[in-house]
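Asks: A single structure is presented below for examination.
The values are calculated or read from the model by the stated rules, or taken from the named source; none is laboratory data. Please read all numbers here as calculations on a predicted model, not as lab measurements. A quick note on method: Cβ atoms are made from the backbone with ideal geometry, for glycine too, and the neighbour counts reach across all protein chains shown. Only protein heavy atoms, including side chains, enter the accessible area calculation; ligands, DNA and RNA are left aside. Shrake-Rupley method; radii C 1.70, N 1.55, O 1.52, S 1.80 Å.
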Amino acid sequence: MFSNLFENSVLSIELTNFCNCSCVMCTQSQMKGHARGFLSSEIFDKLLKEIVDNDLCFDKLIPFGLGESTLHPEFFDFMEEIFKINRTKRYFKSIDIHTNGINMSDELIKLFAEGGGGLSTLSFSIDAASEQTYFNIRRNRNFNNMIKNIQNVIRKRKNPQDPKIILQFIVMEENREEAPLFLNFWKDFLNQNRLDFQVNYDWNPPMIKDTIFFKRLNPVKHEEISKAEKIHYNVVENLGLIEKKTENSDRAVESREYRGEKRRYPCSGPFKYVMVNWEGEVTVCCIDTLRELSLGNLKNNTLQELWWSKKNHEYRLAHISGDISSMDKCLKCNNLDSPEISKKEIEKYLKKFGFKDYMKYLGDL
């Protein structure tokens, strides 16, 4: 499905759309009255069966969308089933798990620490260096217990960097003053445990070892993007992670909205990023929390039918031609390079599906 056409393809499965705190993103997901719930075992089983029966191969599986995946009552069973079919990494070259680290039984810590089945990365959403700031952001008082859980997973790994640990701090107004404390706390802990690590403020350079990650906030409200970028830039500059820019720019990391002086480069989402939400809806973007780019539902169609549907071809061709005026979500996006797509891959796609008239648009990319 993907491995013979695109590199770095991703399947993201949202197990639930709520968490065990009141963090901003989960609260905003309810803006349009979306119900709260869990991915059904029927949809999960149907999806895995289609993957195995049709030998669908992805570079990465992320059993996460918006909410806290470990709250799903069948999370442990789901992960064991995924690890079972993926022992040789046939269907997923890597598996990334995202969690806030609160709902961590000894059984789950053991599962995470031992890895297997392609589990390569554990990303912990922490976002604070103190109990009070954590409460201010998440309305949850489990800060100290969460820190202990994360430290236990790190200490109990059979091998260093397996799975790799991402200690994530989403930079925002509420926690910006604690960024130095967060950096020093986790640097000290990793050094004390004699672990090699890196510090990132974007997805590049690649996170090839344990990482302290100061991530830029991606607001649901488009009008808040510029403010979030300015805060992120100031924080990572003050941490000494980047040099002060001489140019007039408020971005800490320049997304490739424009390459050269021509037009915006096509987003890889409609080509490489399959997002299945907890109700079975399939979209093409990891931050499409309001399902503006939905292709349809797995209750009524197969994954392949939706992914290679007329609608998604229209999305892809709109990005290739540069006319995304009808895609408001894409027009205002600031997160274009995860994962990247090459001009060669786009050309391969156009030839495979007979859209040769669109080859003319590749010249100015």
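Asks: Return the calculated 222 nm mean residue ellipticity for the chain, to the nearest 500 deg cm²/dmol, obtained by summing -39500 (n - 2.57) across DSSP H runs with n ≥ 4 and dividing by the residue count.
Replies: Result for the chain: -9500 deg cm²/dmol, rounded to the nearest 500.
Asks: Another question about this same structure. Just to confirm, what accessible area per residue do you get for the stretch 92-140 at 1.4 Å probe, in whole Å²?
Replies: Dividing the accessible area of the stretch 92-140 by its residue count gives 33 Å².
Asks: Sort 122-129, 307-314 by the packing proxy (mean of other Cβ within 10 Å over each peptide's residues), most packed first.
Replies: 122-129, 307-314
Asks: Over the alpha-carbon set of the stretch 55-155, work out the extent along each principal axis and list the three values in angstrom, largest first.
Replies: So the extents along the principal axes, rounded to whole Å, are 48, 25, 23.
Asks: Highest first, please rank the peptides 269-278, 185-194 by the mean number of other Cβ atoms sitting within 10 Å of their residues.
Replies: Descending mean neighbour count gives 269-278, 185-194.
Asks: Okay, moving on. Work out which helices of the chain, taken as complete DSSP H runs, extend at least 18 Å along their axis over the Cα atoms and score a mean Kyte-Doolittle of 0.0 or more, then list them.
Replies: Result, helices passing both filters: 179-192.
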